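Data first, discussion second: the structure below is written as structure tokens.
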Ligand code: SF4
Ligand code: SF4
């Protein structure tokens, strides 16, 4: 395992971080807690969670694991988060911290994130007098949290502006081998300012492992696209810790192997990948699900957007997309849908919530066209 210094702190953290958003909730909490113990035994010392992850079980699972690891509490780091819109005042932020502490079964949280800043008003809400940031400063003063960091989906220049006042000790950014050309300004700004940088989505929310054929160009000699993507984040000097959403021991082993062999990509490899990566690859749905409880028409937005990824990655024609859509609706992941793409009333709530700033409404219009093409190609059964 590689260990890296986290920003200006004196903490050395494992380059592989355990992202607690992909536990298999069909398993018991005790089984999932064992997965955390396994990761710790492999040298992983960074554990990231949040309220709401895995049907709101993630913090509790970590709590079980931490209870058992209590004698080694100084040997690992735990991070969790709260969103300014949910906790807009210092008082309720303190309550959020207290709740996380209870669930995590620990006396202190190493890194607490102002979570998921997607727009400037969200940042301003967190920083207003009497707001979340003030609450976190008080919690740090009391020893309930040790470091204040921020997680953001803003674009590069805005990330630089967000960090410029020196309010945070670290930042969590979505960066990977597919989108780095379009996200790099933020990573570089954070590293230049001496902040710890955590990378989320190193495998683009599962897009890279599930599209290895279309993304074969990411692979390097002897490495699959998935291994190359892990290697990219783990070996990058500007990135301190790479969060991986683990479900199985096998996932942990793969990430640890990648860390053991990680050496930075060569200039030739970067140039070759650069020639294949287009701006469209910064516009893929990562399946984060942040849009899912927003739709008044119950459209399965994340499923439709992940379906749309195929158009971007495989460059399929309208005819091919119509055919695939028909198949997915009858037999695939769209079978249980409660609404169609054409049911969209363009209220815009999903786009406000989307971490990747996707033009969801426009994409749904395209999908509705594919739906119509399927209907028109079939004879009326009456
Ligand atoms: S814009 Fe359409 S898909 Fe998005 S939340 Fe509104 S109705 Fe749902
Ligand atoms: S549409 Fe946006 S918010 Fe919804 S799952 Fe995809 S990336 Fe996440």
Against the condition assigned to a helix (DSSP H, G or I), under 23 Å from the mean Cα position of the chain (by Cα) and modelled with pLDDT of 90 or more, how does residue 281 come out, does it pass? no
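Select, from 25, 49, the only residue that is touching a helix residue (DSSP H, G or I) at 6+ places or on another chain (Cβ under 6 Å), in the same structural domain as residue 126 (by TED's automatic domain parsing) and free of Cβ contacts under 8 Å to residues at least 40 places away in the same chain. Working first, answer last.
Numbers: 49 fails: free of Cβ contacts under 8 Å to residues at least 40 places away in the same chain.
The conditions single out 25.
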When you go through (1) away from ligand 1 (no atom under 11 Å from the Cβ); (2) closer than 28 Å to residue 182 by Cβ; (3) part of a loop (DSSP other than H, G, I, E, B); (4) in contact with a helix residue (DSSP H, G or I) (Cβ under 8 Å, 6 or more places away or on another chain) one by one for residue 335, which number turns out not to apply? (2)
Members of the range 271-316 found to be loosely packed, with under 13 Cβ neighbours inside 10 Å, within 13 Å of ligand 1 (Cβ to nearest atom) and more than 15 Å from residue 351 (Cβ to Cβ), listed by number: 298
Selection from the range 258-268 of residues that are in a helix (DSSP H, G or I) and crowded, with 18+ Cβ neighbours inside 10 Å: 258, 259
Restricting attention to helices (runs of 4 or more DSSP H) lying wholly within the range 1-94, give those where 1 or more residues are within 18 Å of residue 144 (Cα to Cα). 58-69
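Residue 319 - would you say it is at pLDDT 85 or above and either more than 16 Å from ligand 1 (Cβ to nearest atom) or in contact with a strand residue (DSSP E or B) (Cβ under 7 Å, 6 or more places away or on another chain) (or both)? First the steps, then the outcome.
Values: at pLDDT 85 or above: yes; either more than 16 Å from ligand 1 (Cβ to nearest atom) or in contact with a strand residue (DSSP E or B) (Cβ under 7 Å, 6 or more places away or on another chain) (or both): yes.
It is true that residue 319 is at pLDDT 85 or above and either more than 16 Å from ligand 1 (Cβ to nearest atom) or in contact with a strand residue (DSSP E or B) (Cβ under 7 Å, 6 or more places away or on another chain) (or both).
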Condition broken by residue 255, with the remaining ones in (1) buried (at least 21 other Cβ atoms within 10 Å of the Cβ); (2) outside any helix (DSSP H, G or I) satisfied: (2)
So, residue 342, is that one part of a helix (DSSP H, G or I), in contact with a strand residue (DSSP E or B) (Cβ under 7 Å, 6 or more places away or on another chain) and either outside the structural domain of residue 153 (by TED's automatic domain parsing) or away from ligand 1 (no atom under 11 Å from the Cβ) (or both) or not? no
Quick one: count up the residues across the range 128-161 that are in a helix (DSSP H, G or I), more than 19 Å from the chain's Cα centre (by Cα) and over 19 Å from residue 95 (Cβ atoms). 3
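Looking at 299, 312, which is the one that is within 16 Å of ligand 2 (Cβ to nearest atom), modelled with pLDDT of 90 or more and in contact with a helix residue (DSSP H, G or I) (Cβ under 8 Å, 6 or more places away or on another chain)?
Working: 312 fails: modelled with pLDDT of 90 or more.
Matching residue, one of 299, 312: 299.
Restricting attention to the range 172-204, report how many residues are surrounded by fewer than 18 Cβ atoms within 10 Å (Cβ to Cβ) and either under 14 Å from the mean Cα position of the chain (by Cα) or modelled with pLDDT of 90 or more (or both). Working first, answer last.
Start the filter on the range 172-204 by keeping residues that are surrounded by fewer than 18 Cβ atoms within 10 Å (Cβ to Cβ), which leaves 181-182, 184-185, 188, 192-194.
Add one more test, that the residue is either under 14 Å from the mean Cα position of the chain (by Cα) or modelled with pLDDT of 90 or more (or both), and what stays is 188, 192-194.
Here the count works out to 4.
If I filter the range 164-171 for residues that are surrounded by fewer than 15 Cβ atoms within 10 Å (Cβ to Cβ), in a helix (DSSP H, G or I) and in the same structural domain as residue 47 (by TED's automatic domain parsing), do I get at least one hit? Don't jump to the end; show me each part of the working.
If we filter the range 164-171 for residues that are surrounded by fewer than 15 Cβ atoms within 10 Å (Cβ to Cβ), which is where we start, we get 164-166.
Imposing the further condition that a residue be in a helix (DSSP H, G or I) reduces the set to none.
No, because not a single residue in the range 164-171 is surrounded by fewer than 15 Cβ atoms within 10 Å (Cβ to Cβ), in a helix (DSSP H, G or I) and in the same structural domain as residue 47 (by TED's automatic domain parsing).
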Can you tell me which residue is farthest from ligand 1 (Cβ to nearest atom) among those in the range 350-360 that are surrounded by 15 or more Cβ atoms within 10 Å (Cβ to Cβ) and not in a loop (DSSP other than H, G, I, E, B)? 353
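The values are calculated or read from the model by the stated rules, or taken from the named source; none is laboratory data. This is a predicted model, so every value here is computed, not measured. Backbone-built Cβ (ideal geometry, glycine too); neighbour counts: all protein chains shown.
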